[in-house]
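**Q** Sharing a structure here in structure tokens format.
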Amino acid sequence: MPPKRKLEPKEIADLEAWVRMGAPWPVGSGAVPIKSGKKLIRLDYEPKELLFRQTNDTAQIRITAHWEHGEREDVTDLTRFLTKDDTVVKVDETGLAQSVGKGDTHVVALYDNGIAAIPVLRPLTENRPRLDVSQYPNPIDRFITAKLIKLGITPSEACTDAEFLRRLSIDLTGTLPSPDEVKAFLSDNSKDKRTRKIEELLKRPAYAAWWTNKLCDFTGCNPASIHSLLEVATEEGYRKASQWYDWVYEKISRNESYADLVEGIILADPARGVGQGMPYFWTRQSLKEPKDTAMSVAHSFLGIQLQCAECHKHPFDQWTQNDFVDFAGFFDPSVFSDGRRRKNARSITAKNTELSLLRSHTVKLEGKDPRRPIMDWLRQKDNPWFARSFVNRVWAGYFNVGIVEPTDEFTPSNPPSNPELLNWLTAEFIKSGYDMKWLHRQITSSQAYQRSWRPNKTNAEDRRNYSRAIPRRIPAEVVYDAMKQVTA
């Protein structure tokens, strides 16, 4: 839509140049720069952070496009600006940002196929809290505290032992602690009792059962879709779904790495299954065509939404139809274990076929199974989404909000609330060998996780920086088991 103002001379000149070119319509990889068919590498922005002190403070954002071959261009006048939270900041079409309220958010800049997110902060108090980042042994707390200092937020005190035990038991095992367990924990005066309790719960079968349930949720084998897993009778579908649950439970019980668990799903090797006719991830009713599988894999294991790119480039995301077609191409030749081929599948000769894995990696298919390159790509340390999306999902399981929220919307226009925290957790999770217990242990041993829900004067409005525990609803499965436990 045209802007609600008179066009600037430069904008008029660009339109005239476009008309002289024959007014070409942008297709394929998104809008093409008017000046030429140059490739946009990235967008830079100044300032690197908008730090406001009071209402109505303003700051001008400048956007620079970096083209291939090193050329740079100020494209501020051609950039579209959006705010992620208009209660914190508003921004006009020229890139002038104005403070509205206290808190933190981002201004998103969109030009051509590039997206940039500019951090915005306005401290909740004028006095910086007296916090020493170096005093925290857990790096999680150091990253969180560094941001709290910038926001003028003092974190809440630690929760009580009774609150900790109840919270940890529900989050790690999906069950309440027993009365005897509560008495023993509260009477224990040792300084490391919380650490020991974390280790104790990680060894319980209930831990594996609860987190199997969570993994089944986002991979598609949840109670809501059990009946539609296969084109068979409901009873058979439930049996197959139960096999799938048992398969995941076995992996988590043995603390197999997350990467190995996903490899078993992606490659669907019958030797990895439990019993005959294992349904795996691939044979659900909702995955009849390659495009459905591509969207499901992206959602489950990358935290990415691709459905819009099936038809067009989403205005607030980076994915194009070409990206979607290439990624879906990896799933075209898939054949089910009973010999069925996918409906409407097109034939792909693996040898000498090159496809792009969401622009981060180009693969030349040389083997019979094109899913192998996908798994190899997921395991690469520089994969931008695989480990990161899982870390974020697990984090959200403990705090009820992801570092990226929603958890399945990893896009440049939806940046993490604490990128340094997410980067560190992801890197260390990979270094651990994708050890899921390491991740649970690291999060639950942090002071951020063990904080009280009781707010103080500085953090009553904070819901995204982990300065206090946010009360949340207990999952239905936990409520059911808890009622049975206390009424038995």
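**Q** Consider G397 carefully, then state whether it is within 21 Å of the chain's Cα centre (by Cα), surrounded by fewer than 21 Cβ atoms within 10 Å (Cβ to Cβ) and small (G, A, S). Break it down into steps so the answer makes sense when it comes.
**A** Working: within 21 Å of the chain's Cα centre (by Cα): yes; surrounded by fewer than 21 Cβ atoms within 10 Å (Cβ to Cβ): yes; small (G, A, S): yes.
It is true that G397 is within 21 Å of the chain's Cα centre (by Cα), surrounded by fewer than 21 Cβ atoms within 10 Å (Cβ to Cβ) and small (G, A, S).
**Q** Among the residues of region 398-439, what is the count of those that are assigned to a helix (DSSP H, G or I), in contact with a helix residue (DSSP H, G or I) (Cβ under 6 Å, 6 or more places away or on another chain) and under 20 Å from K251 (Cβ atoms)?
**A** Number satisfying all stated conditions: 5.
**Q** Continuing with the same structure: Filter the helices (runs of 4 or more DSSP H) completely within region 129-217 down to those with at least 3 residues that are more than 24 Å from N418 (Cβ to Cβ) and assigned by TED's automatic domain parsing to the domain that holds S467. If you could, list the steps in order and put the result at the bottom.
**A** Working: elements: 139-151, 161-173, 179-187, 193-202.
Qualifying helices (runs of 4 or more DSSP H): 161-173, 179-187, 193-202.
**Q** To continue, here is another question. Residues to consider are L131, L110, L151; find the one that is touching a residue at least 40 places away in the same chain (Cβ under 8 Å), of a type in the set (A, V, I, L, M, F, W, C) and closer than 19 Å to A469 by Cα. Before the answer, list the steps.
**A** Numbers: L131 fails: touching a residue at least 40 places away in the same chain (Cβ under 8 Å); L110 fails: closer than 19 Å to A469 by Cα.
Checking each option against the conditions leaves just L151.
**Q** With surrounded by 14 or more Cβ atoms within 10 Å (Cβ to Cβ), more than 30 Å from Q54 (Cα to Cα) and at pLDDT 95 or above as the only criterion, which of T219, T173 stands out? Break it down into steps so the answer makes sense when it comes.
**A** Working: T219 fails: at pLDDT 95 or above.
Exactly one residue qualifies, and that residue is T173.
**Q** Let me ask something else about it. Which residue pairs have Cβ atoms closer than 8 Å, lie 6 or more positions apart in sequence or on different chains, and pair a first residue in region 466-478 that is at pLDDT 90 or above with a second residue that is assigned to a loop (DSSP other than H, G, I, E, B) and of a type in the set (V, I, T)?
**A** As it stands, the answer is S467/I153; S467/T154; S467/T458; I470/V401; V478/T175, since those pairs meet every condition given.
**Q** Taking into account only those residues within region 100-116 that are part of a strand (DSSP E or B) and over 20 Å from R463 (Cα atoms), which is farthest from the chain's Cα centre (by Cα)?
**A** The qualifying residue farthest from the chain's Cα centre (by Cα) is Y111.
**Q** Considering every residue within region 111-121, establish whether at least one is in contact with a helix residue (DSSP H, G or I) (Cβ under 9 Å, 6 or more places away or on another chain), over 24 Å from E11 (Cα atoms), charged (D, E, K, R) and surrounded by 20 or more Cβ atoms within 10 Å (Cβ to Cβ).
**A** no
**Q** For residues in region 440-463 being within 21 Å of the chain's Cα centre (by Cα) and either surrounded by fewer than 18 Cβ atoms within 10 Å (Cβ to Cβ) or assigned to a helix (DSSP H, G or I) (or both), which is modelled with the lowest pLDDT?
**A** Taking the candidates together, the pick is R463.
The values are calculated or read from the model by the stated rules, or taken from the named source; none is laboratory data. Since the structure is predicted, the reported quantities are computational estimates derived from the model, not experimental observations. All Cβ positions, glycine included, derive from the backbone under ideal geometry; neighbour counts span all protein chains shown.
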